[in-house]
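**Student:** For reference, the structure I am asking about is given below.
A short reminder: the numbers here are calculations on the coordinates, not readings from a lab. None of these values were measured; they are calculated from a predicted model. Here Cβ is always computed from backbone atoms with ideal geometry, including for glycine, and neighbour counts include all displayed protein chains.
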Amino acid sequence: TKWVYSFGGGASEGAADMRNLLGGKGANLAEMSNLGLPVPPGFTITTEVCTHYYDNGQTYPADLEAQVEAAIEAVEGVVGKTFGDPKNPLLVSVRSGARASMPGMMDTVLNLGLNDETVEGLAALGGDARFAWDSYRRFVQMYSDVVLGVDHGFFEDVLESFKEERDFALDTELSAEDWQAIVARYKEIVAEETGEEFPQDPKTQLWGAVGAVFSSWMNQRAITYRRLHAIPASWGTAVNVQAMVFGNMGETSATGVAFTRNPSTGAKEFYGEFLINAQGEDVVAGIRTPQSLTRAAREAAGEEKPSMEEAMPAAFAQLVEIKDRLEAHYRDMQDIEFTVEQGRLYMLQTRSGKRTAKAALKIAVDMASEGLITEKEAVSRVEPSSLDQLLHPMLDPDAERDVLASGLPASPGAASGKIVFTADEAEAAKTRGEQVILVRVETSPEDIHGMHAAEGILTTRGGMTSHAAVVARGMGRPCVSGAGGLVVDYAKKTLSAMGRTLHEGEIVTIDGTTGQVMVGEVKTIQPELTGDFAHLMTWADKVRRMKVRANAETPLDARTAREFGAEGIGLCRTEHMFFDEDRIIAVREMILAESEEGRRHALSRLLPMQRDDFIELFTIMKGLPVTIRLLDPPLHEFLPHTDAEIAEVARAAGVPADALRRRANELSETNPMLGHRGCRLGVTYPEIYEMQARAIFEAAVEAARLTGEPVEPEVMIPLVGFRAELDFLKSRVDAVAQDVMKENGAEIRYLVGTMIELPRAAIRASEIAETAEFFSFGTNDLTQTTLGISRDDAARFLTEYERRGLIPHDPFVTIDQDGVGELVRIGVERGRTAREGLKCGICGEHGGDPASIAFCEGVGLDYVSCSPFRVPIARLAAAQATL
Ligand code: PEP
Ligand code: MG
């Protein structure tokens, strides 16, 4: 087997389409070198080695070593240096590179190959002893931390006290001799901590680093990241070994990262940061504040230090040419890393750049307009769930702001919450139901769980490409980074600026779109849904087959749904209309009535209210279908609990409170979700459904009169298991419809259908479809009843299932395709054998989940229905499902 693929020196053994084997980084290094771009030579150890490693007790394939040796020789040939040669040493970087990029998750070692002898050779080559010893100390620290597991704090302490003793403020003040002394001290620490000398043999160093990359695939941070991003552990990571080039060889050297377009706004402008006389990780680590790439950006930011365009015009011009080529070649926005070594430009990485939802949208729409990609490709480029970010609140421009400080606008959106200073506290607060802003000097991969739990993230150090910024953008969390005016005191748990001090638990608001940090909560507003958003949605709607409806019952929800492009209401839960203050008493009276007469008395009060609700709903949804579900929830949800509530209902019903309390006790159930609910209510109290049907039909007549457009209500019966239940209830609904038509001298077209939310209903769908005129899959209950897992209690143990990898995702969020999904498939198939073209939809929460929507497309549903805010997500996901 071929385990090792070489790149650089003109041609490569790999290419961009070999990402599964070479990882993203390796595949793109190969591709760039095939394009003739200046890529330092190197080789990629494939992801199959990683898989082999874990399948075989953490050992390598027998022939790997020989292949690596050969690949090193090839690199030596290209650069004319030799690994371990004291006079002319080859140094390499070792980096991980999985199929999907996992920022900050995996470890990197630079300057590998340095030892007590080669450091002298490097000094001679670089013409500078200081540079060589600086590189060596970086290597010892990085290698010891990543490979040998020696805490980097030890090394930082040594450096800090060294500087203190000599009154040095900056690292640049240290001389070659100083670094040499520090290296000696570092090596002592390694010997103390590990019981062994720091490895001097470059080959030993190399295999140590390779092993560390493979091991890091299974570290907790990587496992967490994969879980959050649904990346299978079986993919494995590749290892890239590449000849070093040095951005820290003096003032004509530099290192930087850049995006071919602005990853925050999507604007078509070259965007990035660089540092003169610095090495790779310095930019990302946020230790020094980087400089702008372009003169325009520098001027806009009011920075004093020159931009790359000004400081290194030749290398900059070449970089611009290359970034244009890369973007045109990959037909996507690229995130690139480069190094300038003594005036010569080298490309170290390119990949499709991570971007905010706003940028994703703008870039997709712009690129389609530029003719770089098609409209369909544009549709496929935007992650549906990321639209959530755009539909999130922004700060109300008119609201008062008590600005405490400003930082970088690292990830857009506004958020308020109590300040917390650790990831663990953020997570704990979230479990208590509190909203928090995680405040850190800077974040690291250990903080991911807290960043996830927080509403927003605020850091006092680090740039637009710092860990906090990159991760927050990926998660869709608002983030302000590098707010240098703020001082965080972890010990005292305070955040202060300009003489003001905030303590843990006090509320701040951050605006990730402008970078402002404000004291207290600031009012927010909903964003506009025009421009790029509207364009993309139009394109999505062109390719979409399934309709998208909304689950809505209030006028506000219905209006929002329409604004977001809903094509009807797929589920109006009438019980939600029963909780308003003026109604709940009548509803309770109805439920607690001992006789049909008592119930009818209460129902007569409810009828006009329900009718008005429906008139409003039909009017708002004018011209679109509206599915109204008759009363569904367990009775206990409506029962009065306190003495005051019981007294209130007793008064309204004109019965003694004691009798009412007795009746309430009678009605309480041990297992209400499987009890007296759904169509069972209609069977025991037909007058309830008759009242609701009357309200619907009378409202249809009235709304048609008001709007001049016919209304065709879809009446839906919940929780049907037997066809006979549906027969019984449908005949009553039909009878009411006849009455209303006669009374009003009007014709009403309507459908009576059912929810399929019990396994029996799915299995017996063919006979149920003989009566039902449409099906709507209630996958919340169908999941609950198929898995036998209470939807209300699932969170307590399902999170543990997910954590242990027993289930791939929460089945109440993403449909369990093999189980619940199979019942949906059976339901659709059998239903349509009995009634050709039977209209089938879904109205469980899954109707707004992109993965479940793809499944719905596959089984041929006619529509999905979801909460109003998810309608755009569903429109896009439904479109992508057809591509
Ligand atoms: C369902 O069960 O999927 C459904 C939509 O109904 P509800 O959530 O109201 O039970
Ligand atoms: Mg249900």
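**Student:** On alpha carbon coordinates alone, what is the Rg over Rh value for the stretch 72-127, Rh being the Kirkwood radius?
**Tutor:** Details: Rg = 13.8 Å, Rh = 12.6 Å.
Taking Rg over the Kirkwood Rh, I get 1.10.
**Student:** Report the gain in length on full extension from Arg559 to Glu743: 0.36 nm times residue separation, minus Cα-Cα distance, nm rounded to one decimal. Before the final figure, lay out each step's value.
**Tutor:** On the way: separation 184, 0.36 × 184 = 66.24 nm, distance 3.12 nm.
Length difference between fully extended and current span is 63.1 nm.
**Student:** Are there any trypsin sites (Lys or Arg not before Pro) in the stretch 427-532 that are in a DSSP loop and have at most 10 other Cβ atoms within 10 Å? List them by number.
**Tutor:** On the way: sites: Lys430, Arg432, Arg440, Arg461, Arg473, Lys492, Lys493, Arg500, Lys523; in loops: Arg432, Arg461, Lys492, Lys493, Lys523.
Taking the stretch 427-532 and a limit of 10 other Cβ atoms within 10 Å, the loop trypsin sites (Lys or Arg not before Pro) found are Arg432.
**Student:** Which value, in debye to the nearest 20, describes the size of the charge dipole of the chain about its Cα centre when Lys and Arg Cβ atoms bear +1, Asp and Glu Cβ atoms bear -1, and nothing else is charged?
**Tutor:** On the way: 89 positive and 133 negative charges, 449 e Å.
Using only the charged Cβ atoms, the result is roughly 2160 debye.
**Student:** If you don't mind, another one. Which chymotrypsin sites (Phe, Trp or Tyr not before Pro) in the stretch 473-546 pass both tests, a DSSP loop state and at most 14 other beta-carbon atoms within 10 Å?
**Tutor:** Working: sites: Tyr490, Phe533, Trp539; in loops: Tyr490.
Hits after loop and neighbour filter: Tyr490.
**Student:** Given labels modelled 7 Å from the Cα in the Cβ direction, how far is it in nm from Thr670 to Phe168?
**Tutor:** Going from the Thr670 label point to the Phe168 one covers 7.6 nm.
**Student:** For Ser175 and Thr707, calculate 0.36 nm times their separation in residues minus their Cα-Cα distance, and state this gained length in nm to one decimal. Don't jump to the answer; show the numbers that get you there.
**Tutor:** Values: separation 532, 0.36 × 532 = 191.52 nm, distance 8.38 nm.
Fully extending the segment from Ser175 to Thr707 adds 183.1 nm.
**Student:** In straight Cα distance, which lysines are under 26 Å from Lys742, not counting same-chain residues fewer than 8 positions off?
**Tutor:** Correct list for Lys742: Lys622, Lys730.
**Student:** Further question on the same structure: Apply the a/c threshold of 1.5 to the C-alpha gyration tensor of the stretch 254-355 and tell me whether it is rounded, prolate or oblate.
**Tutor:** Working: a/c = 1.40, a/b = 1.23, b/c = 1.14.
The shape class here is rounded.
**Student:** Related question: Report the trypsin sites (Lys or Arg not before Pro) located in the stretch 786-883 that are in a DSSP loop and have at most 12 other Cβ atoms inside 10 Å of their Cβ, or state none. Working shown, then result.
**Tutor:** Details: sites: Arg791, Arg796, Arg803, Arg804, Arg825, Arg830, Arg832, Arg835, Lys839, Arg870, Arg875; in loops: Arg791, Arg804, Arg835.
For trypsin sites (Lys or Arg not before Pro) across the stretch 786-883 that sit outside H, G, I, E and B with at most 12 neighbouring Cβ atoms in 10 Å, the list reads Arg804.
**Student:** Only helical DSSP H runs with n ≥ 4 go in: add -39500 (n - 2.57) per run for the chain, normalise by residue count and round the 222 nm mean residue ellipticity to 500 deg cm²/dmol. Working shown, then result.
**Tutor:** Numbers: 35 runs with 404 residues, N = 883.
Helix contribution divided over all residues of the chain: -14000 deg cm²/dmol.
**Student:** Hey, can you grab everything whose amide H is under 5 Å from the amide H of Ile756? Only 5+ residues off in sequence or another chain; H modelled, so Pro and N-termini drop out.
**Tutor:** Ser776, Phe777, Gly778
**Student:** Counting DSSP beta bridges with both partners in the stretch 503-628, what percentage is antiparallel, nearest 5? Intermediate values should be presented prior to the final figure.
**Tutor:** Working: 4 of 8 bridges.
Here the antiparallel bridges make up roughly 50 percent for the stretch 503-628.
**Student:** With θ set to phi - 60° and the Karplus curve 6.51 cos²θ - 1.76 cosθ + 1.60, what are the ³J(HN,Hα) couplings of the stretch 479-489 in order, to the nearest whole Hz, using x for Gly and Pro?
**Tutor:** These are the phi-based 3J(HN,Hα) values: 8, 10, 10, x, 7, x, x, 9, 10, 9, 10 Hz.
**Student:** What FRET efficiency do you get for Thr204 and Thr374 if R0 is 56 Å and r is their Cβ-Cβ distance, rounded to the nearest 0.05? The partial results should precede the final answer.
**Tutor:** Working: r = 52 Å, r/R0 = 0.92.
Efficiency, rounded to the nearest 0.05: 0.60.
**Student:** Quote the FRET efficiency, to the nearest 0.05, computed for Ala399 versus Ile763 with a Förster distance R0 of 60 Å and r equal to the Cβ-Cβ distance.
**Tutor:** On the way: r = 55 Å, r/R0 = 0.92.
It comes out at approximately 0.65.
**Student:** List the residues, sorted by chain then number, that are 5 or more residues from Val441 or on another chain and whose placed amide H is less than 5 Å from its amide H.
**Tutor:** Answer set, sorted by chain and number: Thr460.
**Student:** Work out the FRET efficiency for Arg605 and Asn219 from their Cβ-Cβ distance, taking R0 = 60 Å, and round it to the nearest 0.05.
**Tutor:** On the way: r = 64 Å, r/R0 = 1.06.
Plugging the Cβ-Cβ distance into 1/(1 + (r/R0)^6) gives 0.40.
**Student:** Sort the stretch 392-525 into rounded, prolate or oblate with this rule: let a ≥ b ≥ c be the square roots of the eigenvalues of the Cα gyration tensor; rounded if a/c is under 1.5, and if a/c is not under 1.5, prolate when a/b is larger than b/c, oblate otherwise.
**Tutor:** rounded
**Student:** Now for a separate question. With a/c under 1.5 counting as rounded, go ahead and sort the stretch 60-189 into rounded, prolate or oblate using the C-alpha gyration tensor (a ≥ b ≥ c being the square roots of the eigenvalues; past the cut-off, prolate if a/b is larger than b/c, else oblate). Mind showing how you got there, number by number?
**Tutor:** Values: a/c = 2.35, a/b = 1.41, b/c = 1.67.
Oblate shape, in that a/c is at least 1.5 and b/c is the bigger or equal ratio.
**Student:** Tally the DSSP beta bridges in the stretch 392-525 and give the antiparallel ones as a percent, rounded to 5. Don't skip to the end; give the middle numbers.
**Tutor:** Details: 24 of 33 bridges.
Antiparallel bridges: around 75 percent, rounded to the nearest 5.
**Student:** According to a simple spin-label model (label point 7 Å from Cα along Cα-to-Cβ), what is the distance in nm between Ala724 and Asp151?
**Tutor:** A separation of 7.2 nm, rounded to one decimal place.
**Student:** Count the DSSP beta bridges whose two residues both fall in the chain, then state the antiparallel fraction as a percent rounded to the nearest 5.
**Tutor:** Details: 64 of 101 bridges.
Bridges in the chain that DSSP calls antiparallel: roughly 65 percent.
**Student:** Aspartates and glutamates within cross-link reach of Lys523: Cα-Cα under 14 Å, excluding same-chain residues under 8 positions apart?
**Tutor:** Answer for Lys523, where 14 Å is the Cα cut-off: Asp396, Asp398, Glu400, Asp402, Asp511, listed by chain and number.
**Student:** Oh, and also: Any chance you could get the radius of gyration and Dmax over the Cα atoms of the chain, in Å?
**Tutor:** Radius of gyration, then largest Cα-Cα span, for the chain: 32.5, 104 Å.
**Student:** Holding the Cα-Cα limit at 19 Å, pick out from Lys268/Lys354; Lys354/Lys542; Lys354/Lys430; Lys81/Lys187; Lys542/Lys839; Lys376/Lys839 the pairs that are longer than that.
**Tutor:** Result: Lys354/Lys542; Lys354/Lys430; Lys81/Lys187; Lys542/Lys839; Lys376/Lys839 exceed 19 Å.
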